[in-house]
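Peer 1: Questions regarding the structure given below will be posed in turn.
Nothing in this text is a laboratory measurement; each read-out follows from the coordinates by a stated rule. If you're wondering where the values come from, they're calculated on a predicted model, not measured in any experiment. Every residue, glycine as well, gets a Cβ built from its backbone with ideal geometry; the counts of neighbours run over all protein chains shown.
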Amino acid sequence: MASKGLVGIDVGSKELVVALEAAGSQRQRHTFTNDASGRRLLVRWIKKRCRRARVCLEASGIYSLEPALALHAAKGIELMVANPKAVRDFAGAFLQRSKTDALDADVLLEFARRMPFVVWQPPTVEVLELRTLARRIEGLQRMLSQERNRLHALDRSAAGAAVREDVQAHIAHLRDRIRGLRRHALALVAEHPRLARRFQQLCSIKGIADASAIQILGEIEALPADMTARQWVAHAGLDPRHFESGTSVHKRPRISKAGNKHLRRALFMPALVAIQWEPNINAFYEHLLDGGKTKMQAIVAVMRKLIHSAYGMFKHDQLFDGEKFFALTA
């Protein structure tokens, strides 16, 4: 068994494409599923070939955190989570113009070999717990919405009283569970000064209250510390995607939706409320409508601006200032 190795992993929503180079052996490649079982197999595969390994993967939105946590916990594995822009610049300098998952894994392996290796520090225990609570609350809220719709349909049907009472009881049960988990999340935030301060900053935006702040903070705090505001936007899948082909096909730009659906969902209702109650945000929204944007395009632009606002508040340790809202890049 080789003593040391270098590993590059291209992370996708469903697959982990791996390139491994151990001392004295040829480069090996393999693909694993990006789920709990696949990640366990990945760790075993690496450790079978290398007593110690340096692994590099790219910070790719919601898909890279779980593999990173699994690799970080494995004995004998050092992990670097590289900034996507740094990897792209490196690939360009490396004259890598083609793009496939296998080639991306090779580039990340070379990145680990040639660039200063910075060991990844995972999110704190409290941040991971907050994210888990926030996502569980979100799941229960979706179930609650489904049951409310079901009750609405039952009220207009010939269903018996027993079924309606059962649905009503389930709705009450879901509400209790959501309230309990939300109290737990608020207590967790209050115990940690950094979380408490950032929670306060989010809530200083009219439109973001306790429930939305829990969801947004749980997602944002798990992001790498060196990400930019634009990368936060792309992580949320709110960056515009342009589609052009030749001279005749020019479709209206749409948001990519290639990112963290939890953060994107958490921003939608706050954007609607902020448009109604925050004068500066409302003025920005109306300005976009006057400029020809549709209502949905303007709402998405507000969601992007809210991300930029959160980034600025966290960076400069300030509460929300509506007068600066227009100055931010949408």
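Peer 1: Quick one: length gained pulling residue 41 to residue 88 fully straight, 0.36 nm per residue minus the C-alpha distance?
Peer 2: 14.1 nm
Peer 1: Might you report the magnitude of the Cβ-based charge dipole of the stretch 2-114 about its Cα centre, with Lys and Arg at +1 and Asp and Glu at -1, to the nearest 20 debye?
Peer 2: 520 debye
Peer 1: Just to be sure I follow: if Rg is taken over the C-alpha atoms of the stretch 2-114 and Rh is the Kirkwood radius over the same atoms, what is Rg/Rh?
Peer 2: Checking Rg against Rh, the ratio lands at 0.93.
Peer 1: Can you tell me the equivalent ellipsoid semi-axes for the chain? Use √(5λ) from the Cα gyration tensor, largest first, whole Å.
Peer 2: Equivalent ellipsoid semi-axes, largest first: 39, 27, 21 Å.
Peer 1: Once the stretch 125-191 is represented by equal point scatterers at the alpha-carbon sites, with solvent omitted, what log10 I(q)/I(0) does the Debye formula produce at q = 0.11, 0.16, 0.21 Å⁻¹?
Peer 2: Those come out to -0.35, -0.60, -0.81, one per q.
Peer 1: Okay, moving on. Between residue 318 and residue 150, what length in nm is gained on full extension when 0.36 nm per residue of separation is reduced by their alpha carbon distance?
Peer 2: Length gained between residue 318 and residue 150: 56.1 nm.
Peer 1: May I pose another question? Are any of the pairs 4/47; 293/324; 14/75; 4/48; 295/315; 206/261 more than 20 Å apart by Cα-Cα distance, and if so, which?
Peer 2: As for pairs spanning more than 20 Å Cα to Cα, those are 293/324; 14/75; 295/315; 206/261.
Peer 1: Calculate the dipole size of the chain relative to its Cα centre from +1 charges on Lys and Arg beta carbons and -1 charges on Asp and Glu beta carbons; express the result in debye to the nearest 20.
Peer 2: It works out to roughly 800 debye.
Peer 1: Next question. Rank-order 184-190, 148-154, 17-23, 196-202 by packing density, defined as the average count of other C-beta atoms within 10 Å over each peptide's residues, highest first.
Peer 2: Going from most to least packed, we get 17-23, 196-202, 184-190, 148-154.
Peer 1: Then there's this: About its Cα centre, how strong a charge dipole does the stretch 125-191 have in debye, to the nearest 20, once Lys and Arg get +1 and Asp and Glu get -1 at the Cβ?
Peer 2: Charge dipole, the stretch 125-191, about its Cα centre: 160 debye, nearest 20.
Peer 1: Name the residue from 12, 37, 86 whose Cα lies farthest towards the positive end of the charge dipole of the stretch 2-114, charges +1 on Cβ of Lys and Arg and -1 on Cβ of Asp and Glu.
Peer 2: 37
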